[in-house]
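**Student:** I have a structure here, written as structure tokens, and I will follow up with some questions on it.
The values are calculated or read from the model by the stated rules, or taken from the named source; none is laboratory data. What you see is a predicted model; the values in this text were computed from it and never measured. Backbone-built Cβ (ideal geometry, glycine too); neighbour counts: all protein chains shown.
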Amino acid sequence: MCGIVGYIGHRRALPLLLNGLKRLEYRGYDSAGIAIPHEGKLHIVKRAGTVAQLEALLSLTDFPATIGIGHTRWATHGEPIDRNAHPHVDSSGRIAIVHNGIIENYATLKAKLQQDGYTFHSDTDTEVLAVFIGALYEQYGNLELAVRTALSEVQGTFGLVVLSADHPDLLIAARRGSPIVIGIGENEYIVASDATAIVEYTRSVFYLTDDEMAILTRSGCRTKTIDDVPTSAQLLELEFDLERIEKGGFPHFMLKEIYEQPQTFRDAHRGRLLVQEGNVKLGGLRSVEKQLRQARRLILTGCGTSWHAALVGEYWIEELARIPVEVEYASELRYRNPVLYPDDIVIAISQSGETADTLAAVREAKLRGATVLGIVNVVGSSIARETHAGVYIHAGPEIGVASTKAFTSQLAVLMLLALYLGRMRHLSATQAQEIAAEMLRIPEKIRSILERSELIRDIACQYAHAQHFLYLGRGVNFPVALEGALKMKEISYIHAEGYPAAEMKHGPIALIDENMPVVVIVPRDELYEKVLSNVEEIRARRGKVIAIATEGDTEIEALANHVIPIPETLPLLTPILTVIPLQLLAYHAAVERGCNVDMPRNLAKSVTVE
Ligand code: M6R
């Protein structure tokens, strides 16, 4: 949520900041801005709109400074208009900040500052913080002390960078609840809200922890807590290449990421699936093996697409390991006063590892004594660091706001987990071998679905102007119906609902008429005949059936208006295949409607606020 970039070093800051903002734009794209010192003053250029629009505004400007900060915003306080864009400045205009997060006590702070005669020019909480830091700087004459004092009085979350015209050799970054990563080059530092803005300059990074700040000059870096206790940074090497964050010839990141899935699915299970032995090796869980053996209940939690993956995981783990599993939205779990026992295992699923609700659920579960694990994509992210143990999904950076490859990689890891837990209990090696061998064949099967993109595009174009879509699935494919509907609404803005197919007759059937496209997930499995009856019910009401069905199924061909075939696989594994056409259906519908697929309205990639 919001992209932050800051630079101090020997290169011209402006092009580097703009480049960084373009890389971070997927985190928020309501407005963008930069602050750069020039001839003894801070120059703030900011506007509502995209980074490209900001760049156009700056095209005639040439600031030689080698220090600066930038921001791309997802609005929380105040509409996305020019005056609410970051950076925000203090009353002197000599201190600027870019900020991600929410200052919860901004109203109280603002009232106090107003009483002292300070005025405000935006509707944001960030401006209040900037003015507060400026007021303390007037008092102390020491920027670091002013920032520390302000942050210790602030309630809420922040990832921020501060720049002052009085200190053209100093950047101060700080974090509480919103990620800040710092790249270390030769006599230079790049501060960002995620590593995508850094990787083309250096791979050597460290992450700030909560309530930690970094004081960066061209000649060195110190870290300390906001209570002034020195800390030591833990250096990491970034594991991905620049090409992973470029479109590589695809028109959109989302499409590129859909097409990466044969590879990313394989990467998720590479070296972990022991097919011959009918077992699984998950190094990240070794330290909690005893707890996993003794666990009597699992609670899977997450938000959005990650929550859908959890629902699939529930079917798989209960089926293969026979352990009761509950799935709960992280946003509900955190406030529900949940009953958790020390032998419960809570598993947080998150692509970004920074989702505020999921992180809060992790903390809540830890407080209540549960063992808390993470299934996370972003290495070094907050959830990865705060859980007791976990498994990375290794999908590489996911830039498209609509999550695609992370979902199938989460499924890969959840199946590994189901096999792992199953083999600790009653699952036979033969059963595990059969599933493991089929997992190895899945990437080729995904590839064969991707080859049907044109067929899916034709169908999407026929219904791209529908007002509503209904998605139905049963058993392990019910969560896929939810995921298909989520993809459709978030990028095409068509209203879509997912339901268990058998629930249709309890209400949603009232919506069906000749204008209603109904996507029915109907692979050949034990519930096939039941879902076929639902298809008949839809046809009887002249609804348009788009079936996701097993290749060679002539029965469904005779009933449905359109069939998108998927290769045959084990019934339990079908969600990994059935979701692929639904991702493409949403993608093509959105493109046909002229929507900005990679930057859908009102959304941002990583939701680091409540
Ligand atoms: O990074 P996370 O997996 O924790 O994110 C959770 C949701 O915000 C995310 O899946 C969201 O629903 C996506 N936009 C779905 O495509």
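**Student:** Mind listing just one residue for me: the one in the stretch 300-328 that is assigned to a strand (DSSP E or B) and either of a type in the set (F, W, Y) or away from the ligand (no atom under 16 Å from the Cβ) (or both) and, of those, surrounded by the fewest Cβ atoms within 10 Å (Cβ to Cβ)? Working first, answer last.
**Tutor:** Step one: of the stretch 300-328, the residues assigned to a strand (DSSP E or B) are 300-302, 325-328.
From what's left, either of a type in the set (F, W, Y) or away from the ligand (no atom under 16 Å from the Cβ) (or both): 325-326.
Values: V325: 22, E326: 15.
So, considering only residues that are assigned to a strand (DSSP E or B) and either of a type in the set (F, W, Y) or away from the ligand (no atom under 16 Å from the Cβ) (or both), the one surrounded by the fewest Cβ atoms within 10 Å (Cβ to Cβ) is E326.
**Student:** Answer with yes or no whether S331 is crowded, with 22+ Cβ neighbours inside 10 Å and within 12 Å of the ligand (Cβ to nearest atom).
**Tutor:** Values: crowded, with 22+ Cβ neighbours inside 10 Å: no; within 12 Å of the ligand (Cβ to nearest atom): yes.
Against the criterion (crowded, with 22+ Cβ neighbours inside 10 Å and within 12 Å of the ligand (Cβ to nearest atom)), S331 does not qualify.
**Student:** Additional query: Take the residues in the stretch 257-291 that are exposed (fewer than 13 other Cβ atoms within 10 Å of the Cβ) and among the charged types (D, E, K, R), then tell me which one is farthest from the chain's Cα centre (by Cα).
**Tutor:** Step one: filter the stretch 257-291 for residues exposed (fewer than 13 other Cβ atoms within 10 Å of the Cβ), giving 270-271, 276, 283, 286-287, 290.
Now narrow it down to the ones that are among the charged types (D, E, K, R): 270, 286, 290.
Numbers: R270: 23, R286: 27, K290: 31 Å.
Among them, the one singled out is K290.
**Student:** Looking at (1) closer than 23 Å to Y259 by Cβ; (2) part of a loop (DSSP other than H, G, I, E, B), which is the only condition N515 fails?
**Tutor:** Status for N515: all satisfied but (1).
**Student:** I would also like to ask the following. Can V89 be described as closer than 24 Å to E153 by Cα and in contact with a His (Cβ under 8 Å, 6 or more places away or on another chain)?
**Tutor:** On the way: closer than 24 Å to E153 by Cα: yes; in contact with a His (Cβ under 8 Å, 6 or more places away or on another chain): no.
When the stated conditions are applied, V89 does not pass them.
**Student:** Separate question: Would you check if there is a residue in the stretch 569-580 being closer than 14 Å to I449 by Cβ, modelled with pLDDT of 95 or more and in a loop (DSSP other than H, G, I, E, B)? Full working, then the answer.
**Tutor:** Kept after step one, since they are closer than 14 Å to I449 by Cβ, are these residues of the stretch 569-580: 569, 573-580.
With the extra rule that they be modelled with pLDDT of 95 or more, the set shrinks to 569, 573-580.
If we keep only those that are in a loop (DSSP other than H, G, I, E, B) too, we end up with 569.
Yes, the stretch 569-580 contains a residue that is closer than 14 Å to I449 by Cβ, modelled with pLDDT of 95 or more and in a loop (DSSP other than H, G, I, E, B).
**Student:** I want to confirm something. Restricting to the stretch 569-586 and keeping residues that are more than 15 Å from the ligand (Cβ to nearest atom) and among the β-branched types (V, I, T), which single residue is farthest from the chain's Cα centre (by Cα)? I'd like the intermediate steps shown before the answer.
**Tutor:** Of the stretch 569-586, the ones more than 15 Å from the ligand (Cβ to nearest atom) are 569-578, 581.
Within this subset, residues satisfying the condition of being among the β-branched types (V, I, T) are 569, 574, 576, 578.
On the way: T569: 29, T574: 24, I576: 19, T578: 22 Å.
Only one residue fits best here, namely T569.
**Student:** Same structure, new question: So, of the residues in the stretch 363-384 that are without any contact (Cβ under 8 Å) to a residue 60 or more places away in the chain and in a helix (DSSP H, G or I), which turns out to be farthest from the ligand (Cβ to nearest atom)?
**Tutor:** L367
**Student:** If you don't mind, another one. From the list A540, A590, which residue is at pLDDT below 95 and in the same structural domain as V476 (by TED's automatic domain parsing)?
**Tutor:** Numbers: A590 fails: at pLDDT below 95.
Step by step, each of A540, A590 is checked, and only A540 is at pLDDT below 95 and in the same structural domain as V476 (by TED's automatic domain parsing).
**Student:** Condition check: at negative phi, assigned to a helix (DSSP H, G or I) and under 25 Å from the mean Cα position of the chain (by Cα). Does L486 satisfy that?
**Tutor:** Numbers: at negative phi: yes; assigned to a helix (DSSP H, G or I): yes; under 25 Å from the mean Cα position of the chain (by Cα): yes.
Judged against the criteria, L486 is a match.
**Student:** Using the structure shown, decide if A412 is in a helix (DSSP H, G or I), closer than 25 Å to L482 by Cα and touching a helix residue (DSSP H, G or I) at 6+ places or on another chain (Cβ under 6 Å). Step through it out loud before you land on a result.
**Tutor:** Working: in a helix (DSSP H, G or I): yes; closer than 25 Å to L482 by Cα: yes; touching a helix residue (DSSP H, G or I) at 6+ places or on another chain (Cβ under 6 Å): yes.
Against the criterion (in a helix (DSSP H, G or I), closer than 25 Å to L482 by Cα and touching a helix residue (DSSP H, G or I) at 6+ places or on another chain (Cβ under 6 Å)), A412 qualifies.
**Student:** Sort out for me the helices (runs of 4 or more DSSP H) sitting completely within the stretch 75-164 that have 2 or more residues that are touching a Lys or Arg at 6+ places or on another chain (Cβ under 9 Å). Even if it seems obvious, please write down each step before you answer.
**Tutor:** Details: elements: 106-115, 125-140, 143-153.
In the stretch 75-164, 125-140, 143-153 are the helices (runs of 4 or more DSSP H) which contain 2 or more residues that are touching a Lys or Arg at 6+ places or on another chain (Cβ under 9 Å).
**Student:** Identify the residue in the stretch 339-362 that is in a strand (DSSP E or B) and not polar (S, T, N, Q) and, among all such residues, is farthest from the ligand (Cβ to nearest atom).
**Tutor:** If we filter the stretch 339-362 for residues that are in a strand (DSSP E or B), which is where we start, we get 344-350.
Among the residues that remain, those that are also not polar (S, T, N, Q) are: 344-349.
Details: D344: 21, I345: 19, V346: 15, I347: 13, A348: 8, I349: 7 Å.
This residue is D344.
**Student:** Here is a check on your reading of the model: is G390 touching a helix residue (DSSP H, G or I) at 6+ places or on another chain (Cβ under 9 Å) and either under 23 Å from L208 (Cβ atoms) or of a type in the set (S, T, N, Q) (or both)? I'd like the intermediate steps shown before the answer.
**Tutor:** Values: touching a helix residue (DSSP H, G or I) at 6+ places or on another chain (Cβ under 9 Å): yes; either under 23 Å from L208 (Cβ atoms) or of a type in the set (S, T, N, Q) (or both): yes.
Against the criterion (touching a helix residue (DSSP H, G or I) at 6+ places or on another chain (Cβ under 9 Å) and either under 23 Å from L208 (Cβ atoms) or of a type in the set (S, T, N, Q) (or both)), G390 qualifies.
**Student:** Out of the residues in the stretch 587-609 meeting the condition of being away from the ligand (no atom under 14 Å from the Cβ) and assigned to a helix (DSSP H, G or I), tell me which one is nearest to A466 (Cα to Cα).
**Tutor:** Among residues in the stretch 587-609 that are away from the ligand (no atom under 14 Å from the Cβ) and assigned to a helix (DSSP H, G or I), the one nearest to A466 (Cα to Cα) is A589.
**Student:** Could you figure out which of (1) within 30 Å of T149 (Cβ to Cβ); (2) assigned to a loop (DSSP other than H, G, I, E, B) isn't true of C221?
**Tutor:** (2)
**Student:** Given the structure, is R447 more than 30 Å from I509 (Cβ to Cβ), in contact (Cβ under 8 Å) with a residue 40 or more places away in the chain, surrounded by fewer than 18 Cβ atoms within 10 Å (Cβ to Cβ) and in contact with a Pro (Cβ under 6 Å, 6 or more places away or on another chain)?
**Tutor:** Working: more than 30 Å from I509 (Cβ to Cβ): yes; in contact (Cβ under 8 Å) with a residue 40 or more places away in the chain: yes; surrounded by fewer than 18 Cβ atoms within 10 Å (Cβ to Cβ): yes; in contact with a Pro (Cβ under 6 Å, 6 or more places away or on another chain): yes.
Judged against the criteria, R447 is a match.
Rundown of residues vs (1) on the phi > 0 side of the Ramachandran plot; (2) at pLDDT below 95, yes/no style:
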residue: D241; (1), (2): no, yes
residue: E246; (1), (2): no, yes
residue: G249; (1), (2): yes, yes
residue: K256; (1), (2): no, no
residue: Q276; (1), (2): no, yes
residue: L282; (1), (2): no, no
residue: Q291; (1), (2): no, no
residue: R296; (1), (2): no, yes
residue: G313; (1), (2): no, no
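**Student:** Scan the stretch 166-193 for residues that are closer than 24 Å to A150 by Cα and among the acidic types (D, E) and jot them down.
**Tutor:** D166, D169
**Student:** Here's another thing I want to ask about it. Give the residue, chosen from I564, I556, I548, that is out of contact with any Cys (no Cβ under 9 Å at 6 or more places or on another chain) and in contact (Cβ under 8 Å) with a residue 60 or more places away in the chain.
**Tutor:** Values: I556 fails: in contact (Cβ under 8 Å) with a residue 60 or more places away in the chain; I548 fails: in contact (Cβ under 8 Å) with a residue 60 or more places away in the chain.
Just a single option satisfies the conditions, and that option is I564.
**Student:** Additional query: Can you tell me which condition A150 does not meet? The list is (1) in contact (Cβ under 8 Å) with a residue 24 or more places away in the chain; (2) over 14 Å from N100 (Cα atoms); (3) surrounded by 20 or more Cβ atoms within 10 Å (Cβ to Cβ), and all the others hold.
**Tutor:** (1)
**Student:** Scan the stretch 423-434 residue by residue and report those that are in a helix (DSSP H, G or I) and either within 29 Å of the chain's Cα centre (by Cα) or surrounded by fewer than 23 Cβ atoms within 10 Å (Cβ to Cβ) (or both).
**Tutor:** The first filter runs over the stretch 423-434 and keeps only residues in a helix (DSSP H, G or I), leaving 423-424, 429-434.
Matches in the stretch 423-434: R423, M424, A429, T430, Q431, Q433, E434.
**Student:** I'd like to check something: does the stretch 37-49 contain any residue that is in a helix (DSSP H, G or I), in the same structural domain as F158 (by TED's automatic domain parsing), in contact (Cβ under 8 Å) with a residue 12 or more places away in the chain and within 24 Å of V401 (Cα to Cα)?
**Tutor:** Initial filter on the stretch 37-49 (in a helix (DSSP H, G or I)): none.
No: the stretch 37-49 contains no residue that is in a helix (DSSP H, G or I), in the same structural domain as F158 (by TED's automatic domain parsing), in contact (Cβ under 8 Å) with a residue 12 or more places away in the chain and within 24 Å of V401 (Cα to Cα).
**Student:** Listed residues G93, G40, G49; which is out of contact with any Phe, Trp or Tyr (no Cβ under 6 Å at 6 or more places or on another chain) and either surrounded by 23 or more Cβ atoms within 10 Å (Cβ to Cβ) or at pLDDT below 90 (or both)? Give the derivation first.
**Tutor:** Values: G93 fails: either surrounded by 23 or more Cβ atoms within 10 Å (Cβ to Cβ) or at pLDDT below 90 (or both); G40 fails: either surrounded by 23 or more Cβ atoms within 10 Å (Cβ to Cβ) or at pLDDT below 90 (or both).
Every option except G49 fails the conditions.
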